[in-house]
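Following: one structure in structure tokens, then a few remarks.
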Amino acid sequence: MDAPVGSEPLGTTPLAARLSGEVRSARERRRAVARLVRRALLVAAGSMTAGAFALAMRPRPVLVDVATVVRGPLVVEIEESGKTRVKDRYVVSAPVAGSLSRVGHEPGDVVKEGDTLAEIAPTLSPLLDDRTRTEAEARLGAALAALSQARTAKARAAAAEELATRELARTRTLARTGTVPAQTLEREEFDARMRREESASATFAEKVAGEEVRMARAALGQDPEHAAKDRHVDVFAPVTGTVLAVHQKSAGVVPPGAPLLEIGDPAALEVVVDLLTTDAVHIEPGTPVAIRGWGEERPLDGRVRLVEPSAFTRPSALGVDEQRVNVVVAFTGPRESFAALGDGYRVEARFVLWRAADVTKVPLGAVFRHGDGWGAYAVRDGIARLVSVAVGHRGEREAEITSGLAAGAAVLVHPGDRVRDGVRVEARR
């Protein structure tokens with residue numbers, strides 16, 4: 001049905017048109033806001049992705065071990081294994097060739113000077129033919145010369161002992177007045193003790209030489225006091241001591257000079273340590289020694305008595321030839337402190353070369369060769385900084401720093417090849 005003339009269609013009224021435009025505007029605004037939100041989200045997502053990528057690509061700190069520079073005591077030592085030995089040991093040998101009787105002594109038996117240790121009877125051949133007699137006469141002459149030499153050495157040792165005793169008395173008098181330091185008194189006491197032991201050794205050597213003369217005379221039949229009626233030669237103990245070893249226990253024929261027994265005083269012990277010659281040059285007589293690893297926790301005190309003048313070659317555990325030298329250490333403590341030790345016991349000797357009560361020090365792994373000197377990595381605000389340092393004395397685990405680092409500074413220990421100057425580091429936990 002047609003609409004009346006002069007009337008407008010329902011959908012084309014001004015109100016409807018206005019409402020339709022507002023709807024379209026609202027829709028457009030919502031679409032614009034949605035586009036802005038999507039763009040913002042995309043930008044935010046891109047920024048977060050870029051930040052995460054940059055964070056992932058950022059170099060991570062190197063994990064390191066950090067130590068602190070401190071002040072404290074430092075000791076420079078050399079430690080090497082050694083063994084004990086009897087200072088004065090005497091090898092009793094056969095004075096003539098013949099048939100040796102069975103030796104009745106065992107290691108550990110105490111013998112007195114002049115005791116009969118063994119008997120040597122003639123073999124089937126003549127005991128003293130022309131050649132044997134000539135040799136025995138020559139041996140007697142050598143024994144007489146050795147006796148004269150031993151007496152001279154005894155006189156020289158006695159004179160040295162007397163002089164050392166007088167020097168010790170004067171030093172004690174000066175020490176009581178405070179004129180000389182206690183270290184000088186200790187050195188003089190050590191020297192006097194060494195001279196007494198040298199004098200005792202010279203006395204024993206004279207007795208041994210005298211016994212050699214007597215045995216040589218007995219071999220020639222010139223010692224009627226000790227001559228055997230049944231034509232045998234007695235072997236006597238040259239000194240009072242303990243049997244350390246028996247080389248010929250069973251009866252049998254022995255040649256002249258064959259070792260039969262070893263006699264010595266187990267209480268007169270000393271330690272022999274073979275050191276590398278590069279270490280031994282820093283050691284001199286009187287150097288203090290701490291003896292450890294001998295079976296108990298407490299260390300034993302000692303001092304270097306002698307650095308032997310001649311070195312020798314010995315292969316190392318890796319098969320490399322090394323030049324080594326024997327260093328002889330004397331015990332300074334009472335005999336009761338090392339009474340449990342015997343001849344040939346293994347010990348660890350620690351030689352004290354230098355010590356100080358208060359120095360600036362770092363772990364030995366914190367310093368390394370840098371150019372012509374030494375360097376270390378200091379940690380400042382999480383950054384490793386290479387600094388040049390001057391290294392003084394170096395101990396077994398620590399090194400003295402004379403310049404370049406102050407107490408309280410943080411340093412890297414064993415930094416490794418990843419650490420460079422300026423690298424960010426983080427302490428390992």
When a/c reaches 1.5 or more, the comparison of a/b and b/c decides; with that in mind, is region 268-318 rounded, prolate or oblate per its Cα gyration tensor?
oblate
For region 310-429, place one equal point scatterer on every Cα, skip the solvent, and apply the Debye formula. What is log10 of I(q)/I(0) at q = 0.15, 0.16, 0.18 Å⁻¹?
-0.85, -0.89, -0.98
Principal axis dimensions, the chain - Cα atoms, whole angstrom, descending
183, 64, 39
Carbon/sulfur fraction of accessible area - the chain, other protein chains in place, 1.4 Å, %:
54
Proximal aspartates and glutamates to Lys207, defined as alpha-carbon separation beneath 13 angstrom and excluding residues fewer than eight positions away on the same chain
Asp88, Glu113
Added length on full extension, which subtracts the Cα-Cα distance from 0.36 nm per residue, His370 to Thr173
65.6 nm
Aspartates and glutamates whose Cα lies under 13 Å from that of Lys154, excluding same-chain neighbours fewer than 8 positions away:
Glu162, Glu197, Glu198, Glu206
hull vol. (C-alpha, convex hull) per residue for region 312-372, Å³ -> 233
Quick check: pseudo-label points 7 Å beyond the Cα along Cα→Cβ at Met48 and Phe312, how many nm apart are they?
8.0
To the nearest 0.05, what FRET efficiency results for Gln149 and Ala390 with a Förster distance of 56 Å applied to their C-beta separation?
0.55
Quick tally, 1.4 Å probe accessible area for Thr49, Thr332, Thr242, sorted with the most first, runs Thr49, Thr332, Thr242
Of the peptides 208-220, 91-103, 65-77, how do they stack up when ordered by the mean number of other Cβ atoms within 10 Å, highest first?
208-220, 91-103, 65-77
³J(HN,Hα), Karplus 6.51/-1.76/1.60, whole Hz, each residue of region 374-390, x for Gly, Pro
10, x, 7, 9, 9, 9, 10, 6, x, 10, 7, 10, 6, 10, 8, 10, 10
How many Å² of accessible area per residue for the chain, probe 1.4 Å?
60
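The values are calculated or read from the model by the stated rules, or taken from the named source; none is laboratory data. Fair warning: this is a prediction, and the values are worked out from it, not measured in the lab. Note that each Cβ is placed from the backbone with ideal geometry, even for glycine, and that neighbours are counted across all protein chains shown. These area figures cover heavy atoms from the full protein model, side chains too; ligands, DNA and RNA do not enter into them. Shrake-Rupley method; radii C 1.70, N 1.55, O 1.52, S 1.80 Å.
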